[in-house]
1. Please work out which residue is farthest from Thr99 (Cα to Cα), limiting yourself to segment 277-304 and to residues that are among the small types (Gly, Ala, Ser) and surrounded by fewer than 24 Cβ atoms within 10 Å (Cβ to Cβ).
2. Would you mind telling me which numbered condition in (1) open to solvent by 40 Å² or more (accessible area, probe 1.4 Å); (2) under 19 Å from the mean Cα position of the chain (by Cα) Glu147 fails?
3. Please go through segment 224-266 and pick out each residue that is assigned to a loop (DSSP other than H, G, I, E, B), out of contact with any Phe, Trp or Tyr (no Cβ under 6 Å at 6 or more places or on another chain) and near the ligand (Cβ under 10 Å from one of its atoms).
4. Looking at segment 240-269, which of its residues are free of Cβ contacts under 8 Å to residues at least 40 places away in the same chain, out of contact with any Cys (no Cβ under 8 Å at 6 or more places or on another chain) and open to solvent by 30 Å² or more (accessible area, probe 1.4 Å)?
5. Out of curiosity, is Ile269 aliphatic (A, V, I, L, M), within 30 Å of Asn428 (Cα to Cα) and within 13 Å of the ligand (Cβ to nearest atom)?
6. Considering Arg158, Arg176, which residue is among the charged types (D, E, K, R), surrounded by fewer than 15 Cβ atoms within 10 Å (Cβ to Cβ) and assigned to a loop (DSSP other than H, G, I, E, B)?
7. Take the residues in segment 120-139 that are within 16 Å of the ligand (Cβ to nearest atom) and not in a helix (DSSP H, G or I); name whichever of them is most open to solvent (accessible area, probe 1.4 Å).
8. Within the bounds of segment 191-204, is there any residue that is surrounded by 18 or more Cβ atoms within 10 Å (Cβ to Cβ), within 19 Å of Gly252 (Cβ to Cβ), modelled with pLDDT under 95 and away from the ligand (no atom under 11 Å from the Cβ)?
Amino acid sequence: MGGNDVPLHHHEPGDATLDVNPLYASAAARAGVPKLRIPREPMDAEVAYQIVHDELMLDGNARLNLATFVTTWMEPQAGRLMAEAADKNVIDKDEYPQTAEIERRCVHILADLWNAQPHQTAVGCSTTGSSEAAMLAGMALKWRWREARRAAGAAADRPNLVMGINVQVCWEKFCRYWDVEPRCVPMEGERRHLTGEEAVKLCDENTIGVVAVLGSTQDGSYEPVAEIAAALDRLHQGGGPDVPVHVDAASGGFVAPFVQPDLEWDFRIPRVASINTSGHKYGLVYPGVGWVIWRDRHALPEQLVFRVNYLGGSMPTFALNFSRPGAQVIAQYYNLIRLGFEGYRRIQQAALDTAQHLATAIARIGPFHLLTDGSELPVFAFTLRPEVTRYSVFDVSDGLRKRGWQVPAYSFPPHLEDTSVLRVVVRNGMSRDLADVLVADLRHEVAQLEKLSSPLPQHPDRARFHH
Ligand SMILES: Cc1ncc(COP(=O)(O)O)c(C=O)c1O
């Protein structure tokens, strides 16, 4: 994300007021509520609630949002638990020892699901999401590399991180914030994510690690973690550097263990040093909770761990934030015990089935070509066939928007920037029936677009999308 479109809010003076519904029959309704300044006087709690509630109705309909990976519905029981836990602060482990215990259990459960090795002591924590988890995992890689370089009397001032250009923006952030050179393997032809061969070409003695993604935000495909690790094994055996792998399993960490149990991508692979996931994606929890786990204590340098003691006890922590809500951690634990392995398996399998059903139906409409089919993550991307020249994927996305659907269209990164795609993320709640409604709407939209007698104008800035 570049320059001026960062969603930071620039202060603007102004006297704009919110127009409050006169039905609320309050002084606030008569005077209006200033938008950009704190109101002078308090108002009735019910009126304040209603004002904010009414405004939020303008947000999109989560059910029709096929752009986001993030959970938009939880069971009322989870909602109740979260409301009851709204006051809990994850850092305050002395005041909330039971929340800390629940976080600890979640780390154990995930370590187990990710095949942490019994003879090693995996260590991990919750985060606000995969982005914070990526910062922590990236820092651990950088620290380890620097210690090893210093111990060898070698220069440690030019670290780099190897990954595919398809990585989520959090890895670009990590590199920029922590002064690490990003070495990105471009997409080429049919290769839209990292391979072992390409990763190795960019590694040298300054490489702090290789990030492998399970699966790619761009098209839902899984990067071949085992193949990447094997290529790095060969590099090391041949006298090259010993480069650890971090797996960004933001989505796949809660999918693969349940529905692709034979796929080796986790701590079964000795070179995998750490793994992150987003509890708020396929972990099925409201935003924001993520998790990061290191294979063993060696993978997480001790200097990064702070002991928090001024709230009473002494607890080791590794986090960017200090205070943070505990409710999401509690909701994660609720889901884990409520659904169990079989519950998660059924939900993820249903999402995969719906994704593949939808992908097949979309391919049958005519003008679309599938790049992925929803068989790895329940996520797929599709393009328009080259012979379609009068409209673009952006026009299709706009057309669906008119019907309430949010299906993002975007261009691929450098080297494949001429390929523009639509992407569908199937999450729990996207039933087969709803999928069929989408297909019908897509058919209708395509029929309209096919009637065009000349090409629609295209704007270059439509191609940007950063999920
Ligand atoms: C592969 C991958 N990594 C990291 C992230 C960032 O995750 P979060 O939103 O939990 O910070 C995402 C989000 O889409 C992702 O898909």
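1. The qualifying residue farthest from Thr99 (Cα to Cα) is Ala299.
2. The single condition Glu147 does not satisfy is (2).
3. Once the filter is applied, which keeps residues that are assigned to a loop (DSSP other than H, G, I, E, B), out of contact with any Phe, Trp or Tyr (no Cβ under 6 Å at 6 or more places or on another chain) and near the ligand (Cβ under 10 Å from one of its atoms), segment 224-266 yields Ala249, Ala250.
4. Asp242, Pro261, Asp262, Glu264 - these are the residues of segment 240-269 that are free of Cβ contacts under 8 Å to residues at least 40 places away in the same chain, out of contact with any Cys (no Cβ under 8 Å at 6 or more places or on another chain) and open to solvent by 30 Å² or more (accessible area, probe 1.4 Å).
5. So Ile269 does not fit the description; no.
6. Of Arg158, Arg176, the one residue that is among the charged types (D, E, K, R), surrounded by fewer than 15 Cβ atoms within 10 Å (Cβ to Cβ) and assigned to a loop (DSSP other than H, G, I, E, B) is Arg158.
7. Looking at residues that are within 16 Å of the ligand (Cβ to nearest atom) and not in a helix (DSSP H, G or I), I get Thr128.
8. Yes, there is a match, as at least one residue in segment 191-204 is surrounded by 18 or more Cβ atoms within 10 Å (Cβ to Cβ), within 19 Å of Gly252 (Cβ to Cβ), modelled with pLDDT under 95 and away from the ligand (no atom under 11 Å from the Cβ).
The values are calculated or read from the model by the stated rules, or taken from the named source; none is laboratory data. Because the structure is a prediction, the values reported are computed rather than measured. Positions of Cβ are backbone-derived with ideal geometry, glycine not excepted, and every protein chain shown enters the neighbour counts. Calculation scope for accessible area: heavy atoms of the full protein, side chains included, ligands and nucleic acids excluded. Shrake-Rupley method; radii C 1.70, N 1.55, O 1.52, S 1.80 Å.
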